[in-house]
There are 2 protein chains.
Amino acid sequence: MSTNASVTNSADATARMHALHAMVEDGLASLLKEHAGEPTELYGPVRYALEQRGKRLRPLLALLTCEACGGKAEDALPAALAVEVFHTFTLVHDDIMDRAETRRGRAAVHRQYDENKALLAGDYLMGLSYDLLARAERAELRPMIRSFHRMVARLCEGQALDEAFESRTEVTKPEYLDMIAGKTGALIAFAMEAGARTAAAPDAFIDSATTAGAQLGRAFQIQDDYLDLMATDPNWGKPIGGDLVQAKWAYLLLH
Amino acid sequence: MSTNASVTNSADATARMHALHAMVEDGLASLLKEHAGEPTELYGPVRYALEQRGKRLRPLLALLTCEACGGKAEDALPAALAVEVFHTFTLVHDDIMDRAETRRGRAAVHRQYDENKALLAGDYLMGLSYDLLARAERAELRPMIRSFHRMVARLCEGQALDEAFESRTEVTKPEYLDMIAGKTGALIAFAMEAGARTAAAPDAFIDSATTAGAQLGRAFQIQDDYLDLMATDPNWGKPIGGDLVQAKWAYLLLH
């Protein structure tokens, strides 16, 4: 009986995940339609970036956290899309900075178009993420925007440190963990925080969701750095060991 | 008697302008102090960009419009600073795109540091402008953020068109005017709209302020393109005819 219940719950959970995933994909498809217009010099690269396939980890976490806090996933969708669009923006600008040729098996935006177009498309996408936050009518906007900026600051700090570490001969483990907390942890933390805020969860819940997101982000980046070093799967999409070629200091090298 | 009154009003107006200008400079000085921290790889270029001297035309217009609509200039200060910080962000990224060496007699941010640091500092400053909007407690935030994004879209479109025009052999006058309406008009229009919104002006006032800002922005850009072509004053700060060197299509060439 308990086994059956568990199987049923697991099947329910899988179905629910599929439903939430479809909700995110539908939302992104609507954004693509919104940006079908002119000038193509701007919206061409914007659409190309938005068409990027991905696991949708961050928006799913926003929706799941909202449901876990007793809210409706639908209400958290604009904030979930804001997080995914912001993530897309960071990939576009990061690829310019890293001189990356490819992203998930396609040409990076600045290779498909040119650096100026990619830079501008990234700027546009960053702006769009704030507009999406403002479309969420259920959540109180001011604390959301102010939290979002703390995330932006931490993320920019992490990116600046990552660049700085490349020209250093020594990076300590705490320095590495602090860098990835900004570069990857901050946005995942915000995704879960936004879900909790949308559900109007008590402050203690919001804090817990934020902390859980930060920890998950850290684990995620360590795994990413590991796969970057070790991947033999051509589907992984990034050139294998690409970050190492740039002498990035990843967790594995610190041990 | 009427002459005296006029003189007094003029003196009052000048004193008020000085007071508002000082309010903007004090606000920007506070922002510099806020960003005195680490990592210097990020906040060094951010401070360097914020230290840029300027006429402060856009924030002054926000404050003046707020007062003209019966509001307190102090209440519009966060939005005024948001506009100035956003303007600073656009200069940092534009100078990367235009490969500009200097900006107002100093090295451009990407020449003083490097392109990656300037790109990241620009991203940070764009984010900061939204945080400043959210600091304005008197204005309703949601319509402000949504208007801001319409401005961002128009500005990115104008920038994309400006780039596209460089490789075209013919640009019509309406195309040129549409481009500068986005590139310069949209932000000045938002500055005045933000002032009117902060004063909780009726919708008709907000619309008038926005239209006036758009017209002023257009005039301002035409003058800028003219000065860019004709300037002999070394204090102007930009290399004389720099835009022409890049074969930009400015108003004068269209006549």
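The values are calculated or read from the model by the stated rules, or taken from the named source; none is laboratory data. Being a predicted model, the structure only gives us computed values, none of them experimental. Reconstructed Cβ throughout: ideal geometry from the backbone, glycine too, with neighbour counts over all protein chains shown. What goes into the accessible areas is simple: the full protein's heavy atoms, side chains included, and nothing from ligands, DNA or RNA. Shrake-Rupley method; radii C 1.70, N 1.55, O 1.52, S 1.80 Å.
Against the condition within 14 Å of chain B (Cβ to nearest Cβ), under 24 Å from A:PHE205 (Cα atoms) and open to solvent by less than 10 Å² (accessible area, probe 1.4 Å), how does A:ALA79 come out, does it pass? In short, yes.
None of A:ALA36, A:ALA62, A:ALA73 is under 17 Å from the mean Cα position of the chain (by Cα) and either open to solvent by less than 10 Å² (accessible area, probe 1.4 Å) or within 14 Å of another protein chain (Cβ to nearest Cβ) (or both) except A:ALA62. Residues that are touching a Leu at 6+ places or on another chain (Cβ under 9 Å) number at least 3 in the following helices (runs of 4 or more DSSP H) confined to segment B:56-116: B:57-68, B:73-97. Out of curiosity, is B:ALA68 closer than 25 Å to B:ALA186 by Cα, more than 14 Å from chain A (Cβ to nearest Cβ) and of a type in the set (A, V, I, L, M)? So B:ALA68 passes the test. Any residue at all in segment A:162-178 that is of a type in the set (Gly, Ala, Ser) and within 13 Å of another protein chain (Cβ to nearest Cβ)? Yes - at least one qualifying residue is present in segment A:162-178. In this structure, B:LEU128 does satisfy being closer than 30 Å to B:GLY44 by Cβ, at the interface with chain A (Cβ under 8 Å from one of its Cβ atoms), buried (at least 22 other Cβ atoms within 10 Å of the Cβ) and at pLDDT 95 or above. For segment A:43-56, the tally of residues that are at pLDDT 95 or above and surrounded by fewer than 24 Cβ atoms within 10 Å (Cβ to Cβ) stands at 7. Of all residues in segment A:152-163, those that are open to solvent by less than 10 Å² (accessible area, probe 1.4 Å) and aliphatic (A, V, I, L, M) total 2.
For residues in segment A:104-125 being under 28 Å from A:GLU193 (Cα atoms) and open to solvent by less than 60 Å² (accessible area, probe 1.4 Å), which is nearest to the other protein chains (Cβ to nearest Cβ)? The residue in question is A:TYR124. The residue pairs whose first member lies in segment B:45-65 and is free of Cβ contacts under 8 Å to residues at least 40 places away in the same chain, whose second member is part of a loop (DSSP other than H, G, I, E, B), and whose beta carbons are closer than 6 Å, counting only pairs six or more residues apart or on different chains, are B:ARG47/B:HIS35. When we screen A:THR40, A:THR3 for residues that are modelled with pLDDT of 95 or more and not charged (D, E, K, R), the only hit is A:THR40.
Within segment B:135-146, restricting attention to residues that are more than 9 Å from chain A (Cβ to nearest Cβ) and open to solvent by 10 Å² or more (accessible area, probe 1.4 Å), the residue that is farthest from B:THR210 (Cα to Cα) is B:ARG138. Of the residues contained in segment B:165-183, none is found to be of a type outside the set (A, V, I, L, M), closer than 26 Å to B:LEU125 by Cα, surrounded by fewer than 17 Cβ atoms within 10 Å (Cβ to Cβ) and touching a helix residue (DSSP H, G or I) at 6+ places or on another chain (Cβ under 6 Å). Would you mind stating whether A:ALA36 is assigned to a helix (DSSP H, G or I) and small (Gly, Ala, Ser)? So A:ALA36 does not fit the description; no.
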